[in-house]
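Since the structure comes first, as structure tokens, the remarks are kept for the end.
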């Protein structure tokens, strides 16, 4: 645990690779006040992106849902969070050799996405087409004092 802001309910973690990641802690988490800078977290984080390709005249847009499970007040702090976002995005560039796609998000910002080497048929993606993406992130956290 690198930093805790109880008022804003944000925590910054120092990951094993040296990167820092800040999370907003849901108000339903009752034991945030037990967490201290320097505590070690046992966590599991997964991210999955599904891209549905098809010609569409839709304007880029977004929708989302989240689920949070927390430990009861007074128990050892822990949390399970799952968040899913659905986006309609416009393809701005495709680089099949590097397995990268640049999309325009609903806010009009360009975002480069590196795709798995297992993803095929990138040559079928065309600049200007709209694709639907579903991003699911899950996080399981257990505090180890």
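Here, each number is a calculation from the coordinates, and none is a lab measurement. Every value quoted in this text rests on a predicted model; they were computed, and no experiment measured them. FYI the Cβ positions are ideal-geometry reconstructions off the backbone, even for glycines, and counts take in every protein chain you see.
Details
- Once the Cα-Cα distance is subtracted from the 0.36 nm per residue extended length, the residue 2 to residue 111 segment shows a gain of 36.5 nm.
- Between residue 48 and residue 27, the contour length at 0.36 nm per residue exceeds the alpha carbon distance by 5.0 nm.
- Expressed as a fraction of 2.2 N^0.38 Å, the value expected for a compact globular protein of N residues, the C-alpha radius of gyration of the range 82-138 is 1.12.
- Ordering 44, 88 by the number of other Cβ atoms within 10 Å of each residue's own Cβ, fewest first, gives 44, 88.
- Exposure proxy shown here: for 130, 22, the number of other Cβ atoms within 10 Å sets the order, fewest to most, as 22, 130.
- Each peptide in 24-35, 102-113 was scored by the mean count of other Cβ atoms within 10 Å over its residues; highest first, the order is 24-35, 102-113.
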